[in-house]
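Chemist: I am attaching a structure below and will ask some questions about it afterwards.
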Amino acid sequence: MHNHLIFDSSIGSQKPNSLIHSDTTCPFCKRDALTDIFDTDGSIIWLKNKYPTLEKTFQTVIIETDECQSELSEYSKEHLYKVISFGLNHWKEMIKTKKYKSVLFFKNHGPLSGGSLRHPHMQIVGLDHINYLDSLHDDHFIGVPIEIQDGVDFNISKYPRMGFYEFNVIMEAESGLKTFAEDIQIATHYILNHFNRNCNSYNLFFYEYAGKIAVKVIPRFPTSPLYVGYSIPQVSNHTDYVIDKIKKLYF
C-alpha cells in the first residue's frame, strides 16, 4: 500500500515565503484580510489554509500570535498554555468528526523545517485516505527520561523515527496539560539556544496514540543520506550529555 500525498505544485508556487525572502509581506499579519476563520481566542486564530497544496486533504492553520517575530519558546506561560490547549482541542474536534482517515497536527519552525512563513503557526490537516497511525510503533516513544512529572514523560527517544535526537513529551491525561506545554517549550528553547549553534529549525509532531497524547520535538538539519536513501535512522551516543545539560538549565 502506498501512502503518498499528491502535492499541487501550481498552488505551491503561489505560496509566500518569508523564510527565504525576508521582504515578503506576511499574510498572517494582515489580520483584517483573513478569511474562512473557524475560531479565535485573543490573538490566536484557526482558519482554512489559503494554499491547500495537498490533494485529498483538508488543510487548516492556527496562527499562534499577532507578534510576527515571536516564537513558541519565548511565549509567556499563560499564552503557551492557551496555544497548546487551543490546538489540541481543535485537533481532537476534527478527529471526532470521523470525516478523515486520520488528522495531522504539527508545527514547522525555521528554514530547514519544511515551512514557508516566519510568523508562528501550526497546522491541522485531515487526510482522506491515509492513516498516520499505521506507521507508528510503541518503541518510537520509548526514551531515556529527562523529567517525569504530573503524568507527563519527557524523554529523548532511544529509537527515533528519523534519527539522531528526538525529544518525546507524552501526556497521560489532560490534568498534565501545563507540564506538557512547559516541556514542549523547554525542548524548543534548548534546541534554538543551547543545542547546536547551527540549529535554527525544528518541528513539532503530535500523535494520539495508545490513549495518550504525544509530541515529538525534532531539531532539523539537512537530512541524513542514510535515512533518505535507505530509511535507516541513526542514534547519537551523546544522549546522556544532552539530558544532563537540559536538567542543569531547566530543572
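Chemist: Can we say ASN131 is closer than 16 Å to ILE243 by Cα and either modelled with pLDDT of 95 or more or among the charged types (D, E, K, R) (or both)? Write out each step before concluding.
Modeler: On the way: closer than 16 Å to ILE243 by Cα: no; either modelled with pLDDT of 95 or more or among the charged types (D, E, K, R) (or both): yes.
When the stated conditions are applied, ASN131 does not pass them.
Chemist: In the range 31-56, which residues are of a type in the set (Val, Ile, Thr) and open to solvent by 30 Å² or more (accessible area, probe 1.4 Å)?
Modeler: At the first step, the residues of the range 31-56 found to be of a type in the set (Val, Ile, Thr) are 35, 37, 40, 44-45, 53.
Scanning the range 31-56 gives THR35, ILE37, THR40.
Chemist: Name the single residue that is least open to solvent (accessible area, probe 1.4 Å) among those in the range 64-110 being among the basic types (Lys, Arg) and closer than 22 Å to CYS29 by Cα.
Modeler: Among them, the one singled out is LYS107.
Chemist: Pick out the one residue from GLU147, GLU182, GLU174 that is assigned by the TED database to the domain that holds LYS245, modelled with pLDDT under 95 and over 30 Å from ILE6 (Cβ atoms).
Modeler: Only one candidate qualifies: GLU174.
Chemist: Could you tell me which residue of the range 225-251 is most open to solvent (accessible area, probe 1.4 Å), considering only residues that are part of a helix (DSSP H, G or I) and among the aromatic types (Phe, Trp, Tyr)?
Modeler: TYR230
Let's see how each residue does on (1) assigned to a strand (DSSP E or B); (2) open to solvent by less than 10 Å² (accessible area, probe 1.4 Å):
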{"position": "ARG118", "(1), (2)": "no, no"}
{"position": "HIS129", "(1), (2)": "no, no"}
{"position": "PHE180", "(1), (2)": "no, yes"}
{"position": "GLU208", "(1), (2)": "yes, no"}
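The values are calculated or read from the model by the stated rules, or taken from the named source; none is laboratory data. Because the structure is a prediction, the values reported are computed rather than measured. Neighbour counts are summed over all protein chains in view; Cβ atoms, including those assigned to glycine, are modelled from backbone coordinates with ideal geometry. Remember, those area values only see protein heavy atoms, side chains included, never the ligands or the DNA or RNA. Shrake-Rupley method; radii C 1.70, N 1.55, O 1.52, S 1.80 Å.
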